[in-house]
Each structure stands twice: as C-alpha cells, then as structure tokens.
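Novice: Would you mind keeping the following structure in view while I ask a few things?
The values are calculated or read from the model by the stated rules, or taken from the named source; none is laboratory data. Note that the structure is a prediction, hence the values are computed from the model and not measured. When we count neighbours, we look across all protein chains shown, and the Cβ atoms used for this are built from the backbone with ideal geometry, even at glycine. For the accessible areas, the whole protein counts, side chains as well, though only heavy atoms, and no ligand, DNA or RNA atoms are used. Shrake-Rupley method; radii C 1.70, N 1.55, O 1.52, S 1.80 Å.
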Amino acid sequence: TLYQRSMAIIRLREPVATQHSFRDGRTIEVVYRPMADGGWVATYEDISERSRAARRLKAQSDLFEAALANMSHGLLMLDGDLRITAVNGRFLAMYGLSPERVHVGASARALVAHSVEVGNYHGHAAEDVWPEVQARLSLAEPFQREDMLADGRAIAISYTPLPGGGWVTIHEDVTERRRARDEIERQNLRFTVAMANMVQGLCVFDGDMRLVVCNRRYADMFGLPPALIRPGTALLDILAHRVAHDHYSGDPEAYIDERLAVARGGKPMNVDLDLRDGRALAMSHRPLPDGGWVSTFEDITERKRFELALAEQNRRFDAALSNMSQGLCMLDADLCLTVCNARYVEMLALSPDLARPGTPLRAIVAHGVANGRHGGLTVDEVMAPRLDLFGRGDPAVLETAFADGRIIETAYRPMPGGGWVATYEDVTERRKAEARIAHMARHDALTELPNRLLLRERMEEALRIQAREGQAFAVLCLDLDQFKAVNDTLGHPVGDALLRQVADRLRAITRAGDTIARLGGDEFAIIQPVAHPHEAEALARRIVEAVGLPYAVEGNHVVVGTSIGIALAPGDGADPDTLFKNADLALYRAKPEGRGVARFFEPEMDAQIKRRRRLELDLRAAHDGQQFELWYQPQVDAATGVVGGFEALLRWRHGERGLVSPADFIPLAEEIGLIVPLGEWVIRRACADAALWPVDVRVAVNVSAAQFGSRSIEKVVLTALAATGLDPRRLELEITESVLLTDTEATLATLHRLRGIGVRISLDDFGTGYSSLSYLRRFPFDKIKIDRSFVRELERADSAAIVEAVVDLAAKLGMATTAEGVETAEQLALVRAKGCTEVQGYLFSPPRPGCEVPAILRALSAPMPAVA
C-alpha cells in the first residue's frame, strides 16, 4: 500500500508532501520534487515533535474557543455611540439584568437605568450614576477600576477603547479574591514556615552548579555552616565540606560530573545514601529546565530499620498463619482452593486430598454434607447463600450452625483479580455469651424479671395484637409500701432479698401470658391480657393479698404492702408511653389513700397532674417574680394583753388566682426543693420588716427541716441580722419536731449556736407529731406552742388535760407557752386558767399584711379585759 501511494505521487509530476506515521510513534514528512531529467528527489524529515506540538496547539485552540464562549467574566462591548454591540450571559447574571432590557442595540444609559432599578447602586438614582459612567467612557486610554455593588460584591472592570470608537469592558467578580487575599498571605506565611521547618532537607542548584536556595533541614543534615548555605555557593565547596566531615566518601569532582550528566540528561534520579555516621538518606533528584536541579533529602534511617524489622515480622507472620486460631482459605475465581491453613483443615475435618490446591469448594461442602455436618441440608442448599454473595462481589459474613452444636462464622473478602479469601472462626461460646448479655440487657439482674426495655417491647407487641385481633390488655404499676423503711432499718441486702421474694409471689399469682417486670427500686409492672376490666381488678386484689403476707427474710420478720395503678388498652392509651404514664398516674392517686389500694386510671387524674404541674411552674415563676408576701399575726401576753411579737406567715399573691392558700403551695414547695430558698427569703424579709417595729416587739419565723438539712440556716440568719441591724433577741425561730428527726447532733449544735447569739427557739405543734420528751431534755427551748387542735377542743377532758400537762411541764423547765387558734373569749379564759403565758388567734387579729402591723399595735394597745 505504501508503494502504491508513492507511485501515485510520482505519476502526478508535481511537488507533493506527505506524512507517514510509524508504529513506534514517530511521524515522518516526505517531500517529493520532480527533476528536469524526469527523476525525483525526496527529502525525509522527522516531524514527530512538530506534529505533537500541532496537535497540542489545536487542542489549546479548541479549549480557548470553548473558554471564550463560556468565559467566567462578564463581557460588554459598546460602539462609538455607546450602544451595546456584544454582551454575554455572565455579564447579565453578574448584575442581575434582564436580557430583554440589556441586548445588542440598547444604549449604555438604558443599561445603567436598569442596573439602578435592580438595586446595584443602593441609594442612587439613574441620573446620579449615569454622569459618572459617561465620564469614564469619555476617556481615550485603557483603565481599570473596581465598583462596589449594593449587595457588597466587588466587581473589577477593565476598560479597553476600540479603534474607531467604542469600548470593550471585562467584568470580574473579585469579592472572593479580596477575601482570599488575606488567606493567601497567611498561606504564604505558613508555606515559608513549613519550608523552614520541613522534615526533608531541600536544596536547589542552578546550571553552574551553584546553590540557589536551601532550607535549614538540609544544612543540619550535613552540618553546613551559614557561610556554605548562601546563594551562589559552589557545589564543590559543599561537597568538600561533606568529605571533610565524613558525610561523603567519594570524589567530589566525580560527584559533580555525575550530577551534571544527570541534569543535562533531563531524567530524575532517586538514590539512597549511606553516611559514615550510620545514617541513611533518601535523595530525590529532579532536573530543572535551566540545567540545574532540585534535590530533597529524607532521613530514612528509621525506615530502613523498620523494613528490616518488617521482614522479620513477615517471617513471624508466616509462622503465625500456620498456627492461627482461625481457619483460613483462599479461593480462585473458579471457587477452587488455592491455599488453606491447618486450622481450616481441622475445623472442617478435611482429608489431605480435599486440602490440596485446586479442590472445588463444592467438593468441600459435599464432604461436610456427607458427614452430616449440615443436618439435613443438601449440597445445593448449603452452596446457595455462598453463590449469592460471590455473585454480588461484596465482602460478607455467613454464620453456619453445624449439627454438632458448633457455630462457625465465615468472613468472605474478594481479592484483587478475582477469587476470595475466607476466614473461619468458631463463635459458639461468643454467641452463648451474647445470648446471656442480651438476656441481661432485657432482664433485671436481681429478680430475673423483664426490665423496662423488655416491658416496652412486650407492650408494643400487645398493642400490635390488640390492633390486629382486638385483644385488650391491662398495665398494672405497683410499688411497695414501707420498703424504704426496710432498707433503712435492716439494710440493702435484706431489701434485695425481699424484692426477690416479692418477684416470686408475683410469678405465682400471674398467668403464663402475663408479663411481670421490675422497673427499678421497689417498682414493678405487669401486662395482663384481659377480656374485661374486672380481670385486672381481680389480679390487683390477688397481688395486694399475696404481697401483704409476712416475709421471713434472713431471720427478720418483714411486712410490706403495695399500691397499684391500672391502665387499660386501648382506652387509656394507644402507645406504651401513654399507657405507662396513665398507669403511673393511677398509682400516684392510689398511694395517698393508704396501703393495699388499687386505682384505675381516670382522665381527671391527668388533668389533676397537669394542674399540679401548672401550679409548680407558677410557683417557680412566683419565686423569680417576687409574688410572695409576708403577713403577720400578733402574739399577745395572756395576762396583760400586750403584743409581744408577730408570727410571720407566707402568702402567695398569684396573678390570676389571687391569694393561694399556703396549704396548697407549701407542700409543693417542699416537694420540688423550693422551700429552702423561700425560707431564706422569709427570714430576710421578716428581719427587715421587724427592724421598723417598736424595739420590744419580736418576730417569729417558721423554719422547715429542709432548711436545716441544707446546712445554710445559720449563715442565712446571721446575714439577715447583720443586713437589717435587728437585735437577735427579737428574732424567734419556730421549728417542729420533724427538724430533730434527722442528723440530730448537727441540728442541735446549730440550734445551740443560734441561741447562743440571742435568737429565741420555740417548739411548734408540740404533741401532734413525733413528740418525745427527750427533745425537751436535750435542748432548752424558749417556748412551746400548743397546737390549735387542742385549743379548739378544750371542753374535752383529755384535751384540757394535755394542755394543762404541757403548760405545767414548760413552766417547770422554764419555758413559755403559746396557745394557738384562740378564737373565742371562752377559749381565752380556759387557756388563761391553764396557765398559758401567750395566746395567738383570730380573737385578736387574723394574719394581716405587713403594712397593717402599726394599726394592729394601736388596736391592741388597750389592756385586756379581766376574765371572771
């Protein structure tokens, strides 16, 4: 074919140039020229580089054309009349302009007006902007400027005048460039720092073998002084220094000739250098276009040591593979065995013939099937899941239960080029342990009953059955009455043993389809499928009866009871959380009614809890918003009628409810932990109010057990007295016997210190709580207050006897007595007759706001009438 082409050219008798491409990639251009005598002269030129350059040029040209058509800059061309001759999409998008308004033929003035309309010039009208633009376009020289648009973008504009008039303007959004400028400077700084601190040594030499630049690491590697790392230093001098310091053992001039030859050859070179001091350096040599080179030096001493260690490790790994606890085999692309270890052969009980390379996997499986390892499965049934995962080509794990009870986990991993590597691990014990852990995760460790997690799962399952089959069920929540007392008095081991016995009794009285769960502490729950609510009620009665029977626990006779709340699905809830919440609400309502009570959930319970929650939130807001007030009730000398003091009583003025009874909010404040800060506020406010009263009038403040438990009462009292200047003898703290029930020694010590500075201490509600005469012996109270319940029933002989006994006891101990709740003249006469030293009650004044104290003092200033 080549000959035929040449003959065709010769017959033309005209000069012809043609090109031939050779298989080795060369391109030869042949030029044929006829001679006068009829012959031909042909010249041959290797144009491979030119051809490649032409192709590159063509590619670059195509790229340039494509870039021009899709340029990222905005382009606008104007003629001499300042009308648009060209505009690209990027320009329109950059300024948010409409192609219907900005097009070829439109005027520059119209363009400016439209640009103002779309908000590019915030706060400027078109008539203000146009003169400035017109002034720019009146110039005759190229110029550049940046415009700042109203949205904060910066646009760089290059203006180039056209011959004969008109302009080419290039618009570039340089907002990010501006932002990036500082970042680039920071990056350059980081690069400079990195260059100076890079782990590799780096040096650059020019074509004359003189140093251009190097970093500190290069100098340190070869111990080069500052004089030898200056630009222009000859390589020969550096090598001579290295020879002198045993860093290089060859001929410096031969080394330079070698580097020069490499640089002129234009080929990179990588060489490992072993220095005399034992270090190994990896040198990477790259030639530069100017005849020089750049070299990097990396200390690979540790790497070489590591490679030696790795080789030793690989040797050991080979030994470990033969003795590993996992079985291992490799299969080729045809699923035939290529290699396996001894553990694999042992696990599958393979004969030497089946362990040879080339054995099909199917034959190995068939061996297991024949020996009954896979139960009654066939070879195809065993192979099916493996063939499926091999077909997907992804890593996978299969678990196989062998007939002998073993569980083998096989991890398959595809290998590059086809085939698989499989590891076999006996996970029998692990699965047993996991099963035990799974059981523990869903069961209570103490009682072996289901825990809250499993209870929820059973509730969800019961709800699904109910939705599908209409089977209703009940949720019973119960806890033990007096369980805390068992723990506190007999110890936690006894409490734990009691809980186990309770669990046994619950198991004994429930059906197989019921679920009993321990939720924690002394809380239990039961799920009971029911056809009628009375079944749940009957179960609750059985539970109360069974749990309430006496227990013999580690030599102790223990009796506890239980309270039960019941919710019915689906009426009381269609999800586990609602059902459990409503059963818990029913339990909450059952407990105040006494031991052995079971209550069904009623919607009103939820409303009550919500009201209580609303009251709690309001109470917290009231404390923050200063909605509390102190009211005062006078305490009058029983003999003279003189007001000796006032008892401070807390009141809450709610924004919507008005005055809220203390009976409603004081117990709640104690429950939510607000009683301590409230009590502190009462002490401070009472001291501040009393400081404005006559100096012979005291103020009495009730202090709760929680305030003593917080250990801050002494500091609060001292701070309040110091801040108000109130004489400590005018402050009286009223405590109940419950204050002395916990941490008695610490409480008594605090009371003694307070009394030591003059503060009076009175015992409130004596005879109604945990009264013990030992309290009166251990602490010398200033006063005992007789509860209003005794005063109200003074006509009864027993009440009168109690009042008389308390008064007589107080008198002998040197303590005053105050009778509370005196509302009639008859009651006043009786308590006077019994010897009470002070009275308090509505007969004299109900509690009144602090601002009315002066009026109360005036009203009670008259002498008290004598009692016949």
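Novice: For q values of 0.10 Å⁻¹, compute log₁₀ I(q)/I(0) with the Debye formula on a Cα-only model of the stretch 596-706, without solvent.
Specialist: For the stretch 596-706 at q = 0.10 Å⁻¹, log10 I(q)/I(0) is -0.41.
Novice: While we're on this one: Return one whole number: the accessible area per residue of the stretch 178-228 in Å², for a 1.4 Å probe.
Specialist: Heavy-atom SASA per residue in the stretch 178-228 reads 63 Å².
Novice: A further question on this structure: Tally Lys/Arg at +1 and Asp/Glu at -1 over every other residue whose Cβ is under 15 Å from the Cβ of VAL116; what's the total? Spell out each step's value before the answer.
Specialist: Working: positive: ARG101, ARG109; negative: GLU117, GLU127, ASP128, GLU132, ASP147, ASP151.
Taking every Cβ under 15 Å from that of VAL116, the sum is -4.
Novice: Once the Cα atoms of helix 492-509 and of the chain are each reduced to a long axis, what angle between those two axes, in degrees from 0 to 90 to the nearest 10, is obtained?
Specialist: 90 degrees
Novice: May I ask you to list the aspartates and glutamates whose Cα is less than 14 Å away from that of LYS581, ignoring any residue fewer than eight positions away on the same chain?
Specialist: The qualifying aspartates and glutamates are GLU523, ASP572, GLU602, GLU604, ASP606.
Novice: Compute the Cα gyration tensor for the stretch 68-165, then decide on rounded, prolate or oblate, letting a ≥ b ≥ c be the square roots of its eigenvalues: rounded whenever a/c is under 1.5, prolate when a/b is larger than b/c in the other cases, and oblate in all that remain.
Specialist: Details: a/c = 1.31, a/b = 1.15, b/c = 1.14.
Because its axes are fairly even, with a/c under 1.5, the stretch 68-165 counts as rounded.
Novice: Just the number, please: carbon plus sulfur as a percent of the accessible area of the chain, 1.4 Å probe, no ligands or DNA/RNA counted. Don't jump to the answer; show the numbers that get you there.
Specialist: Working: 25430 of 46270 Å².
Percent of accessible area from carbon and sulfur atoms in the chain: 55.
Novice: What is the packing order of peptides 655-661, 804-810, taking the mean over residues of other C-beta atoms within 10 Å and listing the highest first?
Specialist: On the way: 655-661: 10.6, 804-810: 17.7.
Descending mean neighbour count gives 804-810, 655-661.
Novice: Sort MET148, MET94 by accessible area with a 1.4 Å probe, largest first. Write out the running numbers ahead of the final one.
Specialist: On the way: MET148 105, MET94 0 Å².
My answer, sorted largest first, is MET148, MET94.
Novice: To the nearest 500 deg cm²/dmol, what mean residue ellipticity at 222 nm is calculated for the chain from DSSP H runs of n ≥ 4 alone, each contributing -39,500 (n - 2.57), summed and divided by the residues?
Specialist: -14000 deg cm²/dmol
Novice: Leaving out ligands and nucleic acids, note down the accessible area per residue over the stretch 29-170 with a 1.4 angstrom probe, in whole Å².
Specialist: Details: 8330 Å² over 142 residues.
Dividing the accessible area of the stretch 29-170 by its residue count gives 59 Å².
Novice: Can you give me the relative contact order of the stretch 537-645 as a percent, contacts being Cα pairs under 8 Å and 6 or more apart?
Specialist: Averaging sequence separation for qualifying contacts and normalising by length gives 19 percent for the stretch 537-645.
Novice: Taking DSSP loops as anything outside H, G, I, E and B, show the longest stretch in the chain free of chymotrypsin sites (Phe, Trp or Tyr not before Pro) there with at most 14 other beta carbons within 10 Å. Each step should come with its number before you reach the end.
Specialist: Numbers: sites that count: PHE22, TYR770, TYR842.
Value returned for the longest uninterrupted segment is 23-769.
Novice: Next up: Would you indicate which of (i) 166; (ii) 497; (iii) 269 is the value of volume of the Cα convex hull per residue in Å³ derived from the coordinates of this structure?
Specialist: This structure yields the entry labelled (ii).
Novice: Give me D for the stretch 402-459 in µm² s⁻¹, whole number, from Stokes-Einstein with Rh from the Kirkwood sum over alpha-carbon pairs, 20 °C and 1.002 mPa s.
Specialist: Details: Rh = 14.4 Å.
Using the Kirkwood radius from Cα pairs, D works out to 148 µm²/s.
Novice: Which whole-number value in Å² is the accessible area per residue of the stretch 758-854, probe 1.4 Å? Show your work: numbers first, answer last.
Specialist: Working: 4370 Å² over 97 residues.
Here the per-residue accessible area is 45 Å².
Novice: By the 4.7 Å beta carbon criterion, which cysteine residues of the chain come out unpaired?
Specialist: CYS336, CYS477, CYS687, CYS836, CYS851
Novice: Could you tell me how many cubic angstrom of Cα convex hull volume the stretch 126-238 has per residue?
Specialist: Numbers: hull volume 20.6 nm³, N = 113.
Dividing the Cα hull volume of the stretch 126-238 by its residue count gives 182 Å³.
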